[in-house]
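*Asks:* Sharing a structure here in C-alpha cells format.
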Amino acid sequence: MELAPLLLLLFAFTLAIFLGFELISKVPSQLHTPLMSGSNAISGITIVGALLALDAGGSEAAKWIGFAAVVFATINVAGGYMVTDRMLAMFKKKDEGKKGPRS
Amino acid sequence: MNAVLINLLYIAASILFIFGIKMLGSADTARRGNQLSAAGMLIAVVATLLYFGLSWWMVVAGMLVGGTIGAIAATRVRMTGMPEMVALFNGFGGIASLLVGAAEFAKIRLNNDIGAYLQALQQQSGVTVPGWFALTAIGLAVLIGGTTFTGSLVAYGKLSRRIGSKAVVFPGQQAINVTVILGAVAGVVLMVWDQGRDLSQVAGIVLVALALIYGVLMTIPIGGGDMPVVISLLNSFSGVAAAMAGFIILNNVLVVAGCLVGASGMILTIIMCKAMNRTLAHVLFSGFGAAAQSAKAVEGEMKPATIEDAYHVLEAAQSVVFIPGYGMAVAQAQHAVKELAELLEENGAEVRFAIHPVAGRMPGHMNVLLAEADVPYELLQEMDQVNPIMPTVDVAIVIGANDVVNPAALEDESCSIYGMPIVLAHEARTVYCLKRGQGPGFSGLQNSLFFRENTRMLYGDAKQTVTRLVGEFQS
C-alpha cells in the first residue's frame with residue numbers, strides 16, 4: 001500500500017499545530033472575543049466534508065446525514081463570519097469613535 | 001487536471017486562513033483579516049463544488065437554509081448576547097463534524113464493503129489509506145464533534161441564563177466521567193476492529209450517544225466565572241473535530257484549517273488559565289465555585305456611600321480608572337458608564353478602563369461590551385499596563401467586578417484564589433465599588449477590598465447608580 005501521501009497529510013497536520021501556536025501567542029486581550037469567533041468560523045471548514053457527502057450516486061442515508069451537516073456547517077460559517085465582522089466594526093479609535101456611524 | 005485545480009484552490013484557501021488569523025491579532029488589521037479568512041472559506045467551498053457528481057439541489061438547499069439561519073442570527077443578536085451566540089455557533093460546527101463522520105460511515109455500510117469505500121476515497125482524494133485509519137478518524141471526529149456540540153449547548157444555556165450558571169457537582173462524578181470516556185474509547189476501538197460491519201455500526205451508535213453525554217458531563221461542573229476557559233477549550237475542540245473529519249476524507253484544507261483553530265483555541269485556553277493562576281485540570285475537574293470556601297474572616301466593615309459623596313470626590317479627581325466585571329454586563333450599564341467617562345474627561349480627568357483578562361464570561365467580554373457603547377479602544381488597558389500607575393490614581397470605580405480585584409489573592413495564602421493576578425484597585429486613593437448586595441463573588445470568597453479603609457460601597461443596580469452619577473454631573 002502506498003502510504004506516502006497519507007504521511008504528507010500527517011506532516012501538514014503537525015506543522016499546522018506549530019503554526020497555530022505561533023500565530024496567536026501574542027494577541028492583546030481586547031481581541032480575544034473576535035479572535036475566538038473568527039477562528040470558530042474557520043472551524044466551519046468542515047462544510048467541505050459535508051458537501052462531499054452529498055455524492056449523487058452514493059448512499060441515500062449518507063446524503064441525508066450530509067445534508068444536515070451542510071446546514072449546520074453553513075450556519076457556523078455564515079453566522080460566525082458575520083458576527084465577527086459586526087464586532088470588529090465596533091472597535092474604533094478615538095477620533096473615529098466620535099463621528100463614525102454606529103453599526 | 002480537475003483534482004489538481006481543486007487542491008491548488010485549497011492551498012490558496014489555507015493561506016488566506018493563515019493570514020486571516022494572523023491579522024485578527026492586531027486591532028488595526030483585524031477586520032480585514034476576518035474578511036480575508038471569509039474569502040478563503042468561499043474559495044474552499046467553490047473548489048469543493050468542482051468535484052462532479054454532487055447532488056446539486058441538496059447543496060443549494062442546504063447552504064441556503066444554513067446561510068439564512070446563520071445570517072439572521074448574526075444580525076439580530078444583541079452585542080450583550082455575543083458570548084452565548086459564539087458558543088452556539090461553535091456547537092453547530094461540532095455537530096457538523098460528527099455528521100460528516102456519520103455520513104462517511106453510512107457510505108461504508110452501503111455495500112457493506114470497506115474495500116470499495118476506500119477505493120472510491122482513493123479516486124476522490126488521491127490518497128490510499130488502510131481501513132483502520134479511516135475508521136479511527138471517523139470515531140475521533142464523532143467523539144470530539146459530539147462532545148463539542150453538547151458541551152457548547154450547555155455553555156450556551158449557562159451564558160444565556162436559561163439554565164443555572166452554578167457548577168453542578170455530585171458524588172461519584174469523576175468516576176462517571178471516566179467511565180463514559182473509557183466507554184467511548186472502547187466504542188472507537190470496537191468500531192475499528194469490526195471493519196465497518198454490523199457490530200461496528202452498533203459500536204458507532206453507542207459512541208455517538210456517549211460523546212453527546214460526555215459533552216454535558218464535561219461542562220456542567222464548570223461554574224460561571226470559569227466559563228472563559230471552557231468556551232475557548234470548546235472552540236479548540238471544534239477545530240480538532242474538523243481536522244479529524246479532514247483525515248476521514250483525506251482533505252488537506254480541512255486538516256490544516258481545523259488544526260490551526262485547534263491550536264489557537266488551545267493557546268487562548270492556556271492564557272485564560274494563567275489569568276486565574278489555575279491549571280486546566282483544576283478548572284475541569286474541581287467544580288470550583290460550587291462550594292463556598294472557608295476563608296479567614298475579613299476584619300473591618302463595608303462602608304456605604306451616597307451618590308452625592310461619590311460625585312464630589314469624582315469631580316475633584318484628576319485620574320479615574322473604571323474596572324468593569326460581569327456585573328456591568330448583567331446590569332447593561334455600559335452606555336451609562338461611557339457617558340460618565342465622557343463627562344469626567346470633559347471635567348479634566350484622565351480616564352482609563354482596566355480590563356482583567358477573565359472579567360466577564362468569555363475571553364474579551366468587557367472589550368466587546370465597551371466597544372458596543374463606543375468607548376474608544378485606546379482607553380481600554382490591560383491589567384499589566386494599569387497596575388504600575390494604580391497608586392497615582394485618584395479614584396477607582398469597580399463596576400460589578402469581584403474576584404479580579406480581591407487583594408486576598410495577593411495576601412491570604414489560605415484563600416482559594418491565592419496567586420491569581422488581580423487589578424490593584426485597592427492601591428488607588430479612593431475606591432468606589434458598585435454592587436448589588438453584600439454577597440460574595442463567584443469563588444464564594446468575601447472580598448477584602450470591600451472592607452478597606454479607602455473603599456466605599458455604592459449599593460444598587462449598577463446602571464441606575466451610574467445614571468444617577470451622570471445626572472449629578474449634568475445638573
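*Asks:* Taking θ as phi - 60°, what are the ³J(HN,Hα) couplings along segment B:345-360 by the Karplus curve (6.51, -1.76, 1.60), each to the nearest whole Hz, with x for Gly and Pro?
*Replies:* For segment B:345-360, the Karplus curve yields 5, 4, 7, x, 8, 8, 10, 9, 10, 9, 10, 7, x, 10, 5, x Hz.
*Asks:* How would you order B:459-471, B:90-102, A:43-55 from highest to lowest mean count of nearby Cβ atoms within 10 Å?
*Replies:* Values: B:459-471: 18.8, B:90-102: 32.7, A:43-55: 30.0.
Ranking, from highest mean packing down: B:90-102, A:43-55, B:459-471.
*Asks:* Where the only charges are on Cβ atoms (+1 Lys, Arg; -1 Asp, Glu), what is the dipole of the protein assembly as shown about its Cα centre, to the nearest 20 debye? List each step's numbers first, then the result.
*Replies:* Working: 35 positive and 38 negative charges, 185 e Å.
The dipole of the protein assembly as shown has a size of about 880 debye.
*Asks:* Apply the Karplus curve 6.51 cos²θ - 1.76 cosθ + 1.60, θ = phi - 60°, to the phi angles in segment B:237-253 and return the couplings in whole Hz, x for Gly and Pro.
*Replies:* With coefficients 6.51, -1.76 and 1.60, one gets 4, 5, x, 4, 4, 5, 4, 5, 4, x, 5, 5, 8, 6, 10, 5, 5 Hz.
*Asks:* Checking the cross-link filter: which aspartates and glutamates have an alpha carbon closer than 19 Å to that of B:Lys107, excluding same-chain neighbours under 8 positions apart?
*Replies:* The qualifying aspartates and glutamates are A:Asp55, A:Glu60, B:Asp194, B:Asp198.
*Asks:* Quick query: amide H of B:Val168 versus all other amide H atoms, modeled in the peptide plane; which residues come in under 5 Å with a sequence gap of 5 or more or a different chain?
*Replies:* B:Ile222
*Asks:* Would you work out which of B:Met85, B:Val320, B:Leu118 lies farthest towards the positive end of the dipole of chain B, given +1 charges on the beta-carbon of Lys and Arg and -1 on that of Asp and Glu, about the Cα centre?
*Replies:* Going by the Cα projections, it comes out as B:Leu118.
*Asks:* Next question. Distance from a point 7 Å along Cα→Cβ of B:Ser160 to each backbone N in segment A:34-61: keep the residues under 18 Å and list them by number.
*Replies:* Label zone hits: A:37.
*Asks:* OK, next. To the nearest 0.05, how large is the calculated FRET efficiency for B:Glu350 and B:Ala39 if R₀ is 45 Å and r is the Cβ-Cβ distance?
*Replies:* Working: r = 41 Å, r/R0 = 0.92.
E between B:Glu350 and B:Ala39, to the nearest 0.05, is 0.65.
*Asks:* State which stretch of chain A is the longest one without any exposed trypsin sites (Lys or Arg not before Pro), exposure meaning a DSSP loop state and at most 13 other Cβ atoms within 10 Å.
*Replies:* Numbers: sites that count: A:Lys26, A:Lys93, A:Arg102.
Longest run free of exposed loop sites: A:27-92.
*Asks:* Also, I was wondering about something else. Which log10 I(q)/I(0) values, to two decimals, does segment B:373-475 give at q = 0.24 Å⁻¹ under the Debye formula with one point per Cα?
*Replies:* With no solvent term, the Cα-only Debye profile gives -1.42.
*Asks:* Arranged from highest to lowest average of other beta-carbon atoms within 10 Å per residue, in what order do the peptides B:58-71, A:29-42, B:313-326 appear?
*Replies:* Ranked from most to least packed, the peptides come out as A:29-42, B:313-326, B:58-71.
*Asks:* Apply the Karplus parameterisation 6.51 cos²θ - 1.76 cosθ + 1.60, with θ equal to phi minus 60°, to every residue of segment B:48-56 and state each ³J(HN,Hα) to the nearest whole Hz, in sequence, with x for glycine and proline.
*Replies:* So the Karplus estimates, Gly and Pro as x, are 5, 5, 6, 5, 6, x, 7, 6, 4 Hz.
*Asks:* Could you give the size of the charge dipole of chain B about its Cα centre, using +1 on the Cβ of each K and R and -1 on the Cβ of each D and E, expressed in debye and rounded to the nearest 20?
*Replies:* Values: 26 positive and 31 negative charges, 291 e Å.
Using Cβ point charges on Lys, Arg, Asp and Glu, chain B gives about 1400 debye.
*Asks:* While we're looking at this one, here's another question. For chain A, set up a Gaussian network in which alpha carbons nearer than 10 Å are linked by springs, and say which option among A:Ala12, A:Ala73, A:Ala56 fluctuates the most.
*Replies:* Result: A:Ala12 has the largest fluctuation of those listed.
*Asks:* What spacing in nm lies between the two simple spin-label points modelled at B:Val185 and B:Val202, each 7 Å away from Cα in the Cβ direction?
*Replies:* 2.3 nm
*Asks:* Extending each Cα 7 Å along its Cβ direction at B:Trp132 and B:Val4, get the distance between those two points in nm, one decimal.
*Replies:* Placing both labels 7 Å along Cα→Cβ, they lie 3.6 nm apart.
*Asks:* Here's a follow-up. Report, by chain and number, residues whose modeled amide H sits under 5 Å from the one on B:Ser319, excluding near sequence neighbours (fewer than 5 apart, same chain).
*Replies:* The list, which skips near neighbours in sequence, is B:Glu350, B:Asp394, B:Val395.
*Asks:* Using a simple spin-label model with points 7 Å from Cα along the Cα→Cβ vector, what separation in nm is obtained for B:Ala175 and B:Ile15?
*Replies:* 5.8 nm
*Asks:* With a 10 Å Cβ neighbour count serving as the proxy for reagent exposure, in which order, fewest first, do B:Cys415, B:Cys433 appear?
*Replies:* Numbers: B:Cys415 20, B:Cys433 26.
Fewest to most other Cβ atoms nearby, the residues stand as B:Cys415, B:Cys433.
*Asks:* Separate question: Would you work out if segment B:299-411 is rounded, prolate or oblate? Take a ≥ b ≥ c from the square roots of the eigenvalues of the alpha-carbon gyration tensor; rounded if a/c is under 1.5, else prolate when a/b is larger than b/c, oblate otherwise.
*Replies:* Details: a/c = 1.32, a/b = 1.03, b/c = 1.28.
The shape class here is rounded.
*Asks:* Could you pull out the pairs from B:Lys303/B:Lys435; B:Lys166/B:Lys435; B:Lys274/B:Lys463; B:Lys338/B:Lys463; A:Lys26/B:Lys435 whose alpha carbons sit more than 23 Å apart here?
*Replies:* Cα-Cα > 23 Å for B:Lys274/B:Lys463; A:Lys26/B:Lys435; rest within.
*Asks:* Still on this model: Using +1 at the C-beta of Lys and Arg and -1 at the C-beta of Asp and Glu, which of A:Ala73, A:Leu10, A:Ala56 has the Cα lying farthest in the positive direction of the dipole of chain A?
*Replies:* Result: A:Ala73.
Here, each number is a calculation from the coordinates, and none is a lab measurement. Predicted model, so just to flag it, every value in this text is computed and none were measured. Methodologically, a virtual Cβ is constructed for each residue, glycine included, from the backbone with ideal geometry; neighbour enumeration extends over all protein chains shown.
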